[in-house]
Amino acid sequence: MRKRHLLAPGPTPVPPEVLLAMAAPIIHHRTPQFSAVFREAAEGSRRLFGTEQPVLMLAATGTGGMEAAVANTLRRGDRVIVVRGGKFGERWAEIASTMGLEVTAIDVEWGRAVDPDDVKRALEQHPEARAVLVQASETSTTVLHPVAELAALTRDRECLLIVDGITSVGVVDMPMDATGIDVLVTGSQKALMLPPGLALVALSEKAWEFNRSSDLPRYYFDLAKERDNLAKDTSAYTPAVSMIVGLRRVYELIEEGGGFAEVYRRHDILARAARAGVTALGLRLLAPDSPSPAATGVWLPEGIDGGKFTKYLRDVMGVTVAGGQAKLKGKIVRLAHIGYADTFDVIVGLAALEMALAHVGTTVERGRGCAAAQPILAEIYQGEQ
């Protein structure tokens, strides 16, 4: 028997308190009892998103939320500008194309953040563009894109900023209203510390105006219908009952632990520690200039098969990390520190990397990565007795 450690950027571990809440006997979704749970989960989601607008809870994955974001705001033939700097930027382009939209892609080197000037030029070249689609945190490349700077470009245009926040909501302090995001999407299996199956979507007032003229097909993902039902503490269709029970418990745990400010502080510390640790091991960061606090990506040394390396970590050492996707497959490793992660998850991840690197013949000083991370990790406990 070997203890397993899940250090991938999704799904992420679920706290025992949340699992226990979700394991309670199922309750009917059209009852006052569940309406109270639904209302509290919705209120917690508004605080999480930093918005006065309703946050809609859909029984879907994050990709379902991305599709809903497009289907409810745009029209057939609309032009959209897509930041395509990773696997999930490509997904935005694929969703938009499938919906019959005209896509202008800004291709960004994988591992780099988009330059806002490139987006500005695209908007000037295509003044008819109705939306900019971007990831806040591009999970596949562990890059953090400059969402606030992009919001400044779309704020005074008839153009929406539609943001995939699947690995940034609950990780980075990025309040939707104050930042100027028009549509924000996240999923349950990342920082929200839940199993997969719940998508959260919110629209700004401007986006709701766009919704009135949107003619893209939708039935289940009709967000106006969901908004009307949310006002009555219910959903248009059968909701993910146990997931919403779990979501309410997640928000309770966050409040008990010091609120969202403490969550953002913890993610920042864990990310800085992970980067210090892998750098001390001589590994090159995939995203050195604009790294995401959700996960740290590193290039593997020349000659190491990334697929075999991550398989060894998982099957022999019991540590699951993520490898590369698409053009990065077999070349990188991504160590997550998102959601229900703490100081010792980072230590486990770094120690596992050290041991696995030594196993495949890389010269590595045992303990060097962990030693570099520990002074940073100690910041979490400052002020505690």
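The table for this structure:
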| quantity | calculated |
| --- | --- |
| Where a residue in the range 257-269 is farther than 13 Å from residue 170 by Cβ and its partner, wherever it lies, is not in a loop (DSSP other than H, G, I, E, B), with Cβ under 7 Å and at least six apart | 269/376; 269/377; 269/379; 269/380 |
| Selected residue (only one of 271, 224 is in the same structural domain as residue 375 (by TED's automatic domain parsing) and assigned to a helix (DSSP H, G or I)) | 271 |
| Residues of the range 99-133 satisfying the condition of being at positive phi and buried (at least 19 other Cβ atoms within 10 Å of the Cβ) | 111 |
| Some residue of the range 279-288 being within 18 Å of residue 343 (Cα to Cα), touching a strand residue (DSSP E or B) at 6+ places or on another chain (Cβ under 9 Å) and in a helix (DSSP H, G or I) | yes |
| Wholly enclosed helices (runs of 4 or more DSSP H) of the range 300-385 bearing at least 3 residues more than 23 Å from residue 191 (Cβ to Cβ), in contact with a Cys (Cβ under 9 Å, 6 or more places away or on another chain) and touching a residue at least 40 places away in the same chain (Cβ under 8 Å) | none |
| Some residue of the range 36-44 being touching a His at 6+ places or on another chain (Cβ under 9 Å) and either touching a residue at least 40 places away in the same chain (Cβ under 8 Å) or surrounded by 18 or more Cβ atoms within 10 Å (Cβ to Cβ) (or both) | yes |
| Test: residue 280 is closer than 20 Å to residue 378 by Cα, at pLDDT 95 or above and surrounded by fewer than 21 Cβ atoms within 10 Å (Cβ to Cβ) | yes |
| Only one of 73, 61 that is closer than 21 Å to residue 151 by Cβ and in contact (Cβ under 8 Å) with a residue 24 or more places away in the chain | 73 |
| Selected residue (only one of 183, 134 is within 18 Å of residue 294 (Cβ to Cβ) and either at pLDDT 95 or above or not assigned by TED's automatic domain parsing to the domain that holds residue 216 (or both)) | 134 |
| Condition broken by residue 303, with the remaining ones in (1) touching a helix residue (DSSP H, G or I) at 6+ places or on another chain (Cβ under 9 Å); (2) surrounded by fewer than 22 Cβ atoms within 10 Å (Cβ to Cβ); (3) small (Gly, Ala, Ser); (4) not assigned by TED's automatic domain parsing to the domain that holds residue 32 satisfied | (1) |
| Within the range 72-94, considering residues that are part of a helix (DSSP H, G or I) and buried (at least 21 other Cβ atoms within 10 Å of the Cβ), the one nearest to the chain's Cα centre (by Cα) | 88 |
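The values are calculated or read from the model by the stated rules, or taken from the named source; none is laboratory data. Everything quoted here is computed from the prediction, not taken from an experiment. Reconstructed Cβ throughout: ideal geometry from the backbone, glycine too, with neighbour counts over all protein chains shown.
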